[in-house]
Amino acid sequence: MIRLIGYLFGLACVLFLCVAAAAAIYLNGVSRDLPDYAVLASYSPPVTTRVHAGNGALMAEYARERRLFLPIQAIPDRVKAAFLSAEDKNFYNHPGVDLSGLARAIVVNVQNMGSGRRPVGASTITQQVAKNFLLTADQTIDRKVKEAILSFRIEQAYSKDKILELYLNEIFFGMNAYGIAGAALTYFDKSVNELTVAEVAYLAALPKGPSNYHPFRHTEAALERRNWVIDRMVENGYVSKSDGDDAKAQPLGVTPRRSGTYLSASDYFSEEVRRQIIERYGDKALYEGGLSVRTSLDPQLQASARKALQDGLISYDERRGFHGPVGTIDMNGDWGAQLAKLPGLSDVPEWQLAVVLDVDRNGAEIGLRPKIEASGKVNADRNTGRIEAENMRWAYRAAKGDRKTAKSPDGLLARGDVVYVE
């Protein structure tokens, strides 16, 4: 019996040495094929170019990837806590690969076999940096081994804060937003310092699958994932239980930032600036260079000039008479939903589309075009107003060739007519 045990032990040792030797040969071959991780030291991501007016007001932004680089010192602790809780709670303790997390993931995946649930991953933040910067996303053994080796080497070469800085500035959040600063602006139109617990938790939920947690197409999944992150923040001691419960009770509150120009009446000026930058510095410098451009535009003078021009054009046009309604809609059913389908004038924000609800000789009752929410849904509010007869006397004469003249509003408009109002 003792001889049999000794024989089996010896055989096990031989097998172990053979496997270890084979693994060493394999790892040695993989190591020779690794990319150079030293490129991380000169990391220079594509960054948004921002154009400002003479007084510093933001006029426009241009980017292929909406990103603003933030050094780790400028990223609030709350933001770091959310991402550590969501992605890698042992980040500051492991050497690049979290062996305990890997073991837990294996156990969970074995338990979930046949359940149809998605396999649980165990990639650390360092591994994600290695993959995002230096490797492909292929699901192969070779790639995972390279990822692990690179993670150990990256941890030896860079501080934990530097690795976290790389991660938070590189990751993709969906909606063309890259990096935590760009995501905060894109999703909530806020700086990272203004984000609430609920908001940072939602942003921390996105890197796992931005399209799976889209705020409008998959709202329930997004809320569930956000609340899971909040629970992890509470569990890890970053947030109190009461604050966590308050955060989970809040809606997603996503309010996407508008694109294009941000300063009224600056559209054409911004476009000319864009053309000159491309002509002088090239397309890549504009869309990836993170330029900060200060222009000569004076917002007050620009607004005054625009108003003077617009008032002159309106006065000239009113003297020619009324051109008629811009369209008509069927008043059977919800007039707001039909009116919302009609596009307004984007360059004349003072004018709103409205539909005539009723008209008599003393004036017209109108319904204003409802707002379109960020989700694409038509706002449920139906705001109405009234145009008195004396405010539309200029329109009694038609601008058409027959130059017909109306004597009162009911001879000018009809129920269902769509007009611009101010």
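The values are calculated or read from the model by the stated rules, or taken from the named source; none is laboratory data. None of these values were measured; they are calculated from a predicted model. Reconstructed Cβ throughout: ideal geometry from the backbone, glycine too, with neighbour counts over all protein chains shown. To get the accessible areas, we keep the full protein, side chains included, count just its heavy atoms, and leave off ligands, DNA and RNA. Shrake-Rupley method; radii C 1.70, N 1.55, O 1.52, S 1.80 Å.
Numerical summary
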{"quantity": "Matching residues, segment 314-354, being under 17 Å from M392 (Cα atoms) and polar (S, T, N, Q)", "calculated": "S315, Q352"}
{"quantity": "Per-region count, segment 196-208, residues open to solvent by 10 Å² or more (accessible area, probe 1.4 Å) and out of contact with any strand residue (DSSP E or B) (no Cβ under 8 Å at 6 or more places or on another chain)", "calculated": "4"}
{"quantity": "Some residue of segment 290-297 being in a helix (DSSP H, G or I) and open to solvent by less than 70 Å² (accessible area, probe 1.4 Å)", "calculated": "no"}
{"quantity": "Which listed residue is in a loop (DSSP other than H, G, I, E, B) and either surrounded by 16 or more Cβ atoms within 10 Å (Cβ to Cβ) or over 30 Å from the mean Cα position of the chain (by Cα) (or both), from R415, R386, R382, R393", "calculated": "R415"}
{"quantity": "Test: residue in segment 73-82 that is open to solvent by 50 Å² or more (accessible area, probe 1.4 Å), farther than 30 Å from R294 by Cβ and modelled with pLDDT of 70 or more", "calculated": "yes"}
{"quantity": "Yes/no for L301 being modelled with pLDDT of 90 or more, open to solvent by 80 Å² or more (accessible area, probe 1.4 Å), outside any loop (DSSP other than H, G, I, E, B) and of a type outside the set (K, R)", "calculated": "yes"}
{"quantity": "Residues within segment 144-174 that are open to solvent by 30 Å² or more (accessible area, probe 1.4 Å) and in contact with a strand residue (DSSP E or B) (Cβ under 8 Å, 6 or more places away or on another chain), tallied", "calculated": "2"}
{"quantity": "All positions within segment 375-422 that are of a type in the set (G, A, S), within 30 Å of P256 (Cβ to Cβ) and modelled with pLDDT under 90", "calculated": "S375, G376, A380"}
{"quantity": "Condition broken by L223, with the remaining ones in (1) open to solvent by less than 50 Å² (accessible area, probe 1.4 Å); (2) over 30 Å from E350 (Cα atoms); (3) assigned to a loop (DSSP other than H, G, I, E, B) satisfied", "calculated": "(3)"}
{"quantity": "Qualifying residue in segment 343-361 (condition: among the acidic types (D, E) and free of Cβ contacts under 8 Å to residues at least 40 places away in the same chain)", "calculated": "no"}
{"quantity": "Within segment 319-336, considering residues that are surrounded by 14 or more Cβ atoms within 10 Å (Cβ to Cβ) and part of a helix (DSSP H, G or I), the one nearest to the chain's Cα centre (by Cα)", "calculated": "G336"}
{"quantity": "Qualifying positions in segment 39-72 - in a helix (DSSP H, G or I) and either closer than 27 Å to A198 by Cβ or at pLDDT 90 or above (or both)", "calculated": "I72"}
{"quantity": "Residue match in segment 256-272 (condition: more than 27 Å from the chain's Cα centre (by Cα), farther than 27 Å from M175 by Cβ, open to solvent by 40 Å² or more (accessible area, probe 1.4 Å) and not hydroxyl-bearing (S, T, Y))", "calculated": "no"}
{"quantity": "T186 being in contact (Cβ under 8 Å) with a residue 40 or more places away in the chain and open to solvent by less than 40 Å² (accessible area, probe 1.4 Å)", "calculated": "yes"}
{"quantity": "Test set (1) basic (K, R); (2) in contact with a helix residue (DSSP H, G or I) (Cβ under 9 Å, 6 or more places away or on another chain); (3) in a helix (DSSP H, G or I) - R275 fails condition number", "calculated": "(2)"}
{"quantity": "Checking A247 against (1) farther than 30 Å from A305 by Cα; (2) assigned to a loop (DSSP other than H, G, I, E, B); (3) among the small types (G, A, S), the condition it does not meet", "calculated": "(2)"}
{"quantity": "Residue list for segment 345-379, restricted to those being surrounded by fewer than 16 Cβ atoms within 10 Å (Cβ to Cβ), over 25 Å from the mean Cα position of the chain (by Cα) and within 27 Å of A265 (Cβ to Cβ)", "calculated": "L345, V348, E350, W351"}
